[in-house]
Amino acid sequence: MILRLAVGSLMARALTVGMTVLAIALSVALFLGVEKVRTGARASFADTISGTDLIVGARSGSVQLLLYSVFRIGNATNNVTRESYQDIASRPEVNWIVPISLGDSHRQFRVMGTTQGFFDHYRYRGDRALEIGTGHGLEDLYDAVIGAEVAGALGYSVGDPIVVSHGLASFSDHGDQPFRVAGIVERTGTPVDRTVIVSLEAIEAIHVDWKSGAKIPGRTTPVERIRQMDLTPTGITAAMVGVENRLQIFGLQRWINEYPEEPLLAILPGVALQELWQIVGVAETALVGVSAMVVVTALLGMMAMIFSSLNERRREMAIWRAMGARPAVILGLLVLEAMLIAAAGAVLGFVLLYLGLVAARPWVDAAFGLWLPIEAPTVRELWTLLAVVGVAALAGLLPALRAYRLSLADGMMVRT
Amino acid sequence: MLLLGASGSGKSTLLSLICGIVAADQGKVHHGDVDIGAMRAGARDRFRAERIGVIFQQFNLLPYARVIDNILLPLRFAPERRARAGNGTTEAKRLCAALGLPAGVSHTPAGQLSVGQQQRVAVARALIGSPPLIVADEPTSALDAATQDTFLALLFEQVTEAHSSLLMVSHDERLGDRFDRVIRIEDVVSTVREAA
């Protein structure tokens with residue numbers, strides 16, 4: 001009965017209570033939304049590369065190697081020589097190895113030289129393979145396969161010419177050897193979307209007339225002659241390795257790290273991703289902090305609402321008292337009210353969150369490559385909701401104590 | 001019993017003391033043999049719930065609650081009175097009917113009733129479970145003259161039937177004839193208000 005009366009009292013003030021519930025609902029939806037995006041981002045991040053057991057590059061830091069080989073951020077300090085690459089490739093543990101060669105760019109996007117193996121072995125988000133949406137893979141020497149974002153940002157379609165620039169921010173183009181867009185990879189949400197993929201030989205071909213990063217003056221080898229040349233690269237930037245048996249990963253990693261001919265580094269992508277996330281993760285903590293503050297603000301708003309309602313409800317309190325309600329009942333009534341408001345807000349916030357997720361998911365996936373899972377609420381989320389109601393009870397305690405004191409002072413007769 | 005007094009004479013304070021909502025700084029308040037001033041606050045609240053039915057001048061009811069909930073509210077805090085009332089809902093409906101309230105009224109929110117009807121609901125609430133004492137603080141002041149008479153007639157009828165005593169506060173001397181005893185507050189109380 002008390003519960004019914006409390007609900008009735010709230011219903012009677014539907015407008016102010018409704019606004020408060022809405023404020024709490026929005027803040028809860030925001031908080032849980034941030035949580036969703038955060039875990040989604042973390043999962044997407046960890047899903048950037050899968051199926052690859054080791055990444056091999058010149059010796060530097062593991063995060064650095066991961067950054068340039070997978071995320072195409074920063075530069076390699078050194079190349080891996082062909083001999084080392086072949087030594088690794090011929091190890092019995094190695095099931096497959098995909099070389100990648102970086103260093104050139106097209107507009108703001110990186111150009112990566114690799115082999116067909118990249119399309120065969122690169123996996124993301126569990127076990128998803130790259131799919132070429134339109135066009136075909138690398139067939140001709142001057143074929144380029146571009147990521148979805150490259151195609152979108154530059155408006156390319158299959159058959160368009162592409163001129164690769166030397167280096168990452170230079171004005172010297174490999175204009176004499178234009179590429180052709182052969183295929184466009186479906187959006188993956190990984191750095192592949194921002195990459196122009198060409199063959200390893202093509203990287204070699206466009207550098208035939210170059211030496212030490214500069215064009216040899218006056219020398220232009222005709223394309224016909226280049227096609228006849230041996231374009232086996234002398235070095236690569238990094239390599240992705242898959243082992244025969246996962247138990248061999250650490251043995252091979254150690255072997256590579258101790259490789260005597262050249263300082264090399266082999267990393268486990270998952271471990272390096274974790275390390276990198278710890279650096280990026282500071283921002284996410286800040287984000288969670290801010291959204292938690294929003295929830296607190298909404299609850300403070302509720303407290304203010306209850307406070308301001310007290311004066312007009314002194315009459316009501318007097319009736320309760322005259323009926324024999326102990327002041328503790330008045331206290332409990334107001335705390336109950338606060339909890340009801342918060343619970344309604346929390347539930348509504350949850351509904352808003354799921355509606356928002358359903359509505360925004362395709363767009364978020366397309367725009368940011370971020371896959372937000374829609375699933376049953378996690379235990380953590382339920383605890384969050386409970387915490388909101390609990391904090392609301394505490395916040396309700398302050399106005400409740402005031403009502404308690406007022407009802408003691410007023411007695412039965414309210415002088416208004 | 002009728003307690004007569006002008007406004008500001010301390011009637012309401014006296015009622016608060018009698019009902020045990022406010023504890024007396026000095027002196028004692030006795031209900032029969034019971035000194036409620038000696039009780040702890042919680043026991044006084046319980047005592048009030050069990051033994052006293054209260055009717056205010058106006059705004060007696062929780063406007064958002066249904067009439068039936070308003071009537072049953074005091075029983076919530078008074079187990080003995082609840083037992084006396086028997087089936088609360090039936091008893092509430094009986095009182096409503098006896099007080100001339102329309103039949104279907106019990107599930108309407110109290111705020112939608114007219115002032116006269118609200119006062120009658122307040123009487124039903126005060127009478128439910130037949131508490132020994134009914135305290136009424138100028139219950140007719142919000143009513144017009146014609147309604148006043150009907151209201152008082154109904155009130156007396158029901159109070160008699162419940163075997164309760166009625167302590168009514170008013171400034172209207174004409175009501176005196178209807179009561180067994182009339183006390184003028186200035187005869188028993190000297191009110192001093194400290195300057196604010």
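Per residue of B:59-66, other chain Cβ atoms within 10 Å of the residue Cβ number 6 on average. Listed by chain and number, the lysines placed with their C-alpha closer than 28 angstrom to that of B:Lys28 are B:Lys11; residues fewer than eight positions away on the same chain are left out.
Could you work out the helix-only [θ] at 222 nm for chain B, with each DSSP H run of four or more residues adding -39,500 (n - 2.57) and the total divided by the number of residues, to the nearest 500 deg cm²/dmol?
Working: 8 runs with 82 residues, N = 196.
Rounded to the nearest 500, it is -12500 deg cm²/dmol.
Of all trypsin sites (Lys or Arg not before Pro) in the stretch A:207-261, which ones are in loop regions per DSSP and have a Cβ with at most 10 other Cβ atoms within 10 Å? When the trypsin sites (Lys or Arg not before Pro) of the stretch A:207-261 are filtered for loop state and at most 10 Cβ neighbours within 10 Å, A:Arg219 remain.
Under the √(5λ) rule applied to the eigenvalues of the Cα gyration tensor, what semi-axes describe the equivalent ellipsoid of the protein assembly as shown? Give them in Å, descending.
Numbers: eigenvalues 1565, 97, 74 Å².
Working from the Cα gyration tensor, I get semi-axes of 88, 22, 19 Å.
Sorting the segments B:140-148, A:63-71, A:115-123 by their residues' average number of neighbouring beta-carbon atoms within 10 angstrom, most packed first, yields A:63-71, A:115-123, B:140-148. Across the stretch A:54-267, Cα pairs under 8 Å and at least six residues apart give a relative contact order of 33 percent.
Buried on complex formation within the stretch A:5-48 (loss of at least 10 square angstrom of accessible surface versus the isolated chain, 1.4 Å probe, ligands and nucleic acids ignored): A:Leu5, A:Gly8, A:Ser9, A:Ala12. Here the gap between A:Ile279 and A:Glu83, fully extended at 0.36 nm per residue and compared with their Cα-Cα distance, gives a gain of 67.1 nm.
Rounded to the nearest 10 degrees, the angle from helix A:379-410 to the longest Cα principal axis of chain A is 30 degrees.
Give the relative contact order (percent, whole number) for chain A; include only Cα pairs under 8 Å separated by 6+ residues. Answer for chain A is 26 percent. Each residue of the stretch B:23-32 was assigned a 3J(HN,Hα) from its phi angle through the Karplus curve 6.51 cos²θ - 1.76 cosθ + 1.60 (θ = phi - 60°); the sequence is 8, 6, 6, 10, x, 10, 10, 10, 10, x Hz, with glycine and proline shown as x.
Applying 1/(1 + (r/R0)^6) with r as the Cβ-Cβ distance of A:Asp140 and A:Ala43 and R0 = 35 angstrom yields a FRET efficiency of 0.40. Heavy atoms of the protein chains alone define the surface here; on that basis the stretch A:1-141 has 43 Å² accessible area per residue at 1.4 Å probe size. Taking chain A as the reference, fit the longest principal axis to its C-alpha atoms, fit the long axis of helix A:327-368 to the helix C-alpha atoms, and give the angle between the two in degrees, 0 to 90, nearest 10. Roughly 20 degrees, rounded to the nearest 10. Put a dot 7 Å past the Cα of B:Ala145, heading toward its Cβ, do the same for B:Gln112, and the two dots end up 3.4 nm apart.
Amide hydrogen proximity for B:Ser165: with H placed 1.01 Å from N in the peptide plane, the residues at 5 or more positions away or on another chain lying under 5 Å are B:Leu133, B:Ile134.
Please give the average number of partner chain Cβ atoms lying within 10 Å of the Cβ of each residue in A:304-317, rounded to a whole number. Display every interim value, and only then the final one.
On the way: counts 0, 0, 0, 0, 0, 0, 0, 0, 0, 0, 0, 6, 6, 0.
Rounded to a whole number, the mean comes out at 1.
Scanning residues 5 or more positions from A:Ile132 or on other chains, those with amide H under 5 Å from its amide H are A:Glu186, with H placed 1.01 Å from N in the peptide plane.
Here the Kirkwood formula, the inverse mean of 1/r across different C-alpha pairs, assigns chain B a hydrodynamic radius of 17.3 Å.
Working out 0.36 nm times the residue gap between A:Glu224 and A:Leu401, then minus their Cα-Cα distance, what length gain in nm do you get to one decimal?
Taking A:Glu224 through A:Leu401 to full extension adds about 54.7 nm, to one decimal.
Protection proxy ranking, highest mean first, for peptides B:60-69, A:258-267: B:60-69, A:258-267, where packing is the per-residue count of other beta-carbon atoms within 10 Å, averaged. Measuring max minus min along each principal axis, the C-alpha atoms of the stretch A:69-189 give extents of 44, 33, 27 Å (largest first).
Taking packing as the residue-averaged number of other Cβ atoms within 10 angstrom, the listed peptides A:194-203, B:105-114 run from highest to lowest as A:194-203, B:105-114. The residues of the stretch B:104-182 have, on average, 43 Å² of accessible surface per residue, using a 1.4 Å probe with all protein chains present.
For the stretch A:153-286, what is the accessible area per residue in Å², given a 1.4 Å probe and the full set of protein chains? Could you put the intermediate results ahead of the total?
Working: 6760 Å² over 134 residues.
Dividing the accessible area of the stretch A:153-286 by its residue count gives 50 Å².
If R0 equals 35 Å, the separation of the Cβ atoms of B:Asp25 and A:Met19 corresponds to a calculated FRET efficiency of about 0.20.
A Cβ-based charge dipole, computed about the Cα centre of chain A with Lys and Arg at +1 and Asp and Glu at -1, lands at about 2720 debye. Under 5 Å from the amide H of A:Val164 lie the amide H atoms of A:His174, A:Phe179, each residue being 5 or more positions distant or on a separate chain, with H modelled from the backbone and absent for Pro and chain starts.
For chain A, what does the helix formula give at 222 nm: sum of -39500 (n - 2.57) over DSSP H segments with n ≥ 4, over the residue count, nearest 500 deg cm²/dmol?
Working: 13 runs with 222 residues, N = 416.
Rounded to the nearest 500, it is -18000 deg cm²/dmol.
Relative to the longest principal axis of the Cα atoms of chain B, helix B:88-98 runs at roughly 90 degrees.
Other protein chain C-beta atoms within 10 Å of residue C-beta, averaged over B:48-54: 4. Taking θ as phi - 60° and the Karplus parameters 6.51, -1.76 and 1.60, the scalar couplings of the stretch A:292-309 work out to 5, 4, 5, 4, 4, 4, 4, 5, 4, x, 4, 4, 4, 4, 5, 4, 6, 7 Hz in sequence order, x denoting glycine and proline.
Relative contact order for chain B: 33 percent, from Cα pairs under 8 Å spaced at least 6 residues apart, divided by residue count. Projecting the Cα atoms of A:Gly137, A:Met240, A:Ala202 onto the charge dipole of the stretch A:54-267 (Cβ charges, centred on the Cα centre) puts A:Met240 farthest toward the positive pole. Only the Cβ atoms of Lys and Arg (+1) and of Asp and Glu (-1) were treated as charged; on that basis the dipole of the stretch B:2-188 about its Cα centre amounts to roughly 720 debye.
For the chain pair B and A, the buried solvent-accessible surface (1.4 Å probe, both sides summed) amounts to about 2300 Å².
The distance between label points at A:Glu186 and B:Thr90 comes to 7.2 nm (points 7 Å beyond Cα on the Cα→Cβ vector). Using a Förster radius of 25 Å, what is the FRET efficiency between A:Ala153 and A:Ala360 based on their Cβ-Cβ separation? Nearest 0.05, please. Computed FRET efficiency for A:Ala153 and A:Ala360: 0.70.
The values are calculated or read from the model by the stated rules, or taken from the named source; none is laboratory data. Only a predicted model underlies this, so the values are computations on that prediction, with no experimental measurement involved. In this analysis, Cβ positions are derived from the backbone assuming ideal geometry, glycine residues included, and neighbour counts consider all displayed protein chains. With ligands, DNA and RNA removed, areas are computed over all heavy atoms of the protein, side chains included. Shrake-Rupley method; radii C 1.70, N 1.55, O 1.52, S 1.80 Å.
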